Amino acid sequence: MELRFYLVKPKGGAQVRLDSWQETLDTPSIVIDLDRLDANLKRTAELAATAGVRLRPHTKTHKSIWIAQEQLRHGASGITVAKLGEAEVMAEGGIDDILIAYPIVGRLKLERLGRLLQRIQVSVSVDSYEVAKGLSELGEHLKLRVPLYIDVNSGLNRCGKEPGAETAELALAIAKLPGIRLAALMTHAGQAYSKSHADDCFEVALAEAEALLESQRVLRRLGVDVPDISVGSTPTSKFIGALAGVGVTEMRPGAYVFGDGSQLYTGLIGEEECAMRIYATVVSTPRPGTAIIDSGSKTLSNDSSAHRRGFGMIPELPDIYVERLSEEHGILSVPEEIKLHIGDTVAIIPNHCCAVTNLHDRLVGMRNGQIERIITVDARGKVT
């Protein structure tokens, strides 16, 4: 069966063919342009290599063993995950160097972590003595030292003590524990996503690095060396070249693989770097100025943007916006001069690609207008 996708010309002319695929692909579908994905993987790996920084990408964006393996093939030194469950899935997929960038708390999780530590190299982030003590006891039980990343607050105000003396005080206490070793200082400058311009993101990147370097300097004066400096966030990763030689040793971007509105709207990337599209069908045109698509919050996610109204962008029809969502309905606001009809299909760049991925069991990998592979979202729903 041939499935044809159509868009309507902005000024209301005849329908134009968008794509023709020789296999059935129902909507809503999450489609990944594999050429763009390849280019994104290569570009970021080259940025890291040129800056002399290890790339440890965050796989929460795609949750796919295959894409993680592709990142390693392009030169990544290991991967980052958000949750222990994601680490377990990636380890089953043969990946043997994983940072869990999340505090591990409680007996059940420590038992699971212990099983992983007996199989592969696992590092864990902490921002408290209590969590580090539990990890130390696990390390002693296993007769090894668990590598720890000390989380530092560089402005997001999520996990992490303040840079400098406060972080140093915590690290000094943790360093005395017998079952761990201090491997790195880390941070996540997620506040970069709120910035409106690339220049502002560059300033965040500088501040992100300095928060860690300041903490490292204080610790060295106190006789404790934490060797690695690990920065995170896709927006700040674009400026890693400007940090070459200052002491940053690792970066952990995630959303660079697919690109999304959060990067596009601020000019950090071009549309050609947006590898993900949500294909949705118009199922109702109940009143002038309104069209309903078969993609609601369970497809697009509820993530909004500070930089553009609505829940995603239709690049071929940018004057239309996804005004609001219910679970299975997307309500499009359609200017008078644009005519959408029932059965038309539109392609949407999401505001936040990571959230979209975790809503779906599979992604459709396309190349040259043909389905090349189905990408399984292996770690979907692994939130423990």
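Things worth noting here:
- Restriction of the GluC sites (Glu not before Pro) in the range 308-384 to DSSP coil positions whose beta-carbon has at most 12 other beta-carbons within 10 angstrom yields E327, E336, E337.
- Ellipticity at 222 nm from helices only: DSSP H runs of n ≥ 4 in the chain, each -39500 (n - 2.57), divided by the residue count, give -8500 deg cm²/dmol.
- By DSSP, the beta bridges lying fully in the chain are antiparallel in about 55 percent of cases.
- With Cα atoms, 0 to 90° folded angle of helix 165-175 axis to the chain main axis: 70
- The range 278-357: trypsin sites (Lys or Arg not before Pro) in DSSP loop, at most 12 other beta carbons within 10 Å: R309
- Dipole magnitude for the range 36-256: computed about the Cα centre from +1 point charges on Lys and Arg Cβ and -1 point charges on Asp and Glu Cβ, it is near 480 debye.
- Charges were assigned to the Cβ only: +1 to each Lys and Arg, -1 to each Asp and Glu. The resulting dipole of the range 43-84 about its Cα centre is roughly 180 debye.
- Cα gyration tensor, the range 80-180 - rounded (a/c under 1.5), prolate or oblate: oblate
- Nearest-0.05 FRET efficiency for E137 and I374, computed from C-beta distance (R0 51 Å): 0.75
- Whichever aspartates and glutamates have a C-alpha closer than 15 Å to that of K161, once near sequence neighbours (fewer than 8 apart) are set aside: D127, E130, D151, E169, E208, E210, E214
- Of L212, L359, L222, the residue with the greatest mean-square motion in the GNM of the chain, using alpha carbon springs below 10 Å, is L222.
- Among the GluC sites (Glu not before Pro) in the range 23-80, those placed in a DSSP loop whose Cβ has at most 13 other Cβ atoms within 10 Å are E23.
- Projected onto planes of every orientation and averaged, the convex hull of the alpha-carbon atoms in the range 36-256 covers 11.3 nm².
- Taking V146, V283, V124 as the candidate residues, the one with maximal mean-square fluctuation in a Gaussian network model of the chain, Cα springs under 10 Å, is V283.
- About the Cα centre, charge dipole magnitude for the chain (Lys/Arg +1, Asp/Glu -1 at Cβ), debye: 720
- Length added when fully stretched, H197-E327, from 0.36 nm per residue minus Cα-Cα: 43.6 nm
- Highest-MSF residue in the chain out of K109, K42, K63 [GNM, Cα springs under 10 Å]: K109
- In the structure shown, the pairs K63/K195; K42/K195; K109/K195; K109/K176; K60/K176 are assessed against 28 Å; a Cα-Cα span above that value is assigned to K109/K195; K60/K176.
- Counting only the Cα atoms, the range 226-298 fills a convex hull of 128 Å³ per residue.
- Global form of the range 151-295, assessed from the alpha-carbon gyration tensor, a/c cut-off 1.5: prolate
- The residue among L213, V283, A192 whose Cα reaches farthest toward the positive pole of the charge dipole of the chain, with charges on the beta-carbon of Lys, Arg, Asp and Glu, is L213.
- Simple spin-label estimate for Q69 and E169 in nanometres, 7 Å along Cα-Cβ: 4.8
- Per residue, the average separation of C-alpha pairs within less than 8 Å and at least 6 apart gives the range 36-256 a relative contact order of 21 percent.
- With viscosity 1.002 mPa s and temperature 20 °C, the Kirkwood radius over alpha carbon pairs of the chain converts through Stokes-Einstein to a diffusion coefficient of 97 µm²/s.
Bear in mind that the values in this text are calculations on the coordinates, not laboratory data. In this text, all values refer to a predicted model and were calculated from it rather than measured experimentally. Note that we place each Cβ from the backbone using ideal geometry, even for glycine, and neighbour counts take in every protein chain shown.
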